[in-house]
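First the structure, in the form of structure tokens, and then the observations on it.
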Amino acid sequence: MRRLTLAMAVTLAMAPLAAAQAQDATAGARVFNTCRACHTINEGGRAGVGPNLWGIVGRRAASVEGFRYSANFRTLGEAGHIWTEENIRRYITNPKDVAPQGIMSYPGLRNEQQMNDLMAYLNAQK
């Protein structure tokens, strides 16, 4: 009985942490609004200052036809860099960590909940 009580207490204590880490694509769309200054994300959409991000998860870097990528991104693409969720998180946290000579001026997203929500939104755009 004592073990059960302890297990329930730990579970209840961890519940807010699990809820805080849940992904919410609707909230992620709001986080993506910051990205809209340079990127579109609709299927077949035009590029802006940055490439269209429709289907970004699982796509090879520098692979949007007709977009003029920086040399740094062309090199990443030629090396087979794939935008996995892990790679996207790393890039959005600190773009210069992935593409040191890249021209994206975004300072990085450090809020873990916003990152989780953004990833849910990006994963839904396929």
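The values are calculated or read from the model by the stated rules, or taken from the named source; none is laboratory data. Treat the numbers as computed from the prediction; the structure is a model and nothing was measured. Note: ideal-geometry Cβ built from the backbone for every residue, glycine included; neighbour counts use all protein chains shown.
State whether the residues of segment 41-49 include one that is loosely packed, with under 13 Cβ neighbours inside 10 Å and basic (K, R). Looking for residues that are loosely packed, with under 13 Cβ neighbours inside 10 Å and basic (K, R), one finds at least one in segment 41-49, hence yes.
Within segment 61-77, the residues that satisfy the criterion of being of a type in the set (A, V, I, L, M, F, W, C) and either within 19 Å of T40 (Cβ to Cβ) or touching a helix residue (DSSP H, G or I) at 6+ places or on another chain (Cβ under 8 Å) (or both) are A61, A62, V64, F67, F73, L76.
Residue count for segment 70-87 satisfying the condition of being part of a loop (DSSP other than H, G, I, E, B) and either under 20 Å from L118 (Cβ atoms) or charged (D, E, K, R) (or both): 3.
Okay, residues lined up against (1) modelled with pLDDT under 95; (2) under 23 Å from the mean Cα position of the chain (by Cα); (3) of a type in the set (D, E); (4) within 19 Å of D117 (Cβ to Cβ):
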position: L6; (1), (2), (3), (4): yes, no, no, no
position: T11; (1), (2), (3), (4): yes, no, no, no
position: A18; (1), (2), (3), (4): yes, yes, no, yes
position: A22; (1), (2), (3), (4): yes, yes, no, yes
position: R36; (1), (2), (3), (4): no, yes, no, yes
position: G50; (1), (2), (3), (4): no, yes, no, no
position: R59; (1), (2), (3), (4): no, yes, no, no
position: A62; (1), (2), (3), (4): no, yes, no, no
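Within segment 21-41, track down each residue that is among the basic types (K, R) and either over 13 Å from L53 (Cα atoms) or in a loop (DSSP other than H, G, I, E, B) (or both). The one that is among the basic types (K, R) and either over 13 Å from L53 (Cα atoms) or in a loop (DSSP other than H, G, I, E, B) (or both): R30.
Being within 14 Å of the chain's Cα centre (by Cα), surrounded by 13 or more Cβ atoms within 10 Å (Cβ to Cβ) and among the aliphatic types (A, V, I, L, M) is a description that applies to A120. When you scan segment 107-126, how many residues do you find that are of a type outside the set (G, A, S) and either free of Cβ contacts under 8 Å to residues at least 24 places away in the same chain or in contact with a Cys (Cβ under 6 Å, 6 or more places away or on another chain) (or both)? Number of matching residues: 3. Could you check segment 88-126 and list, in sequence order, the residues that are in a helix (DSSP H, G or I) and out of contact with any helix residue (DSSP H, G or I) (no Cβ under 9 Å at 6 or more places or on another chain)? Hits for segment 88-126 are P95, K96.
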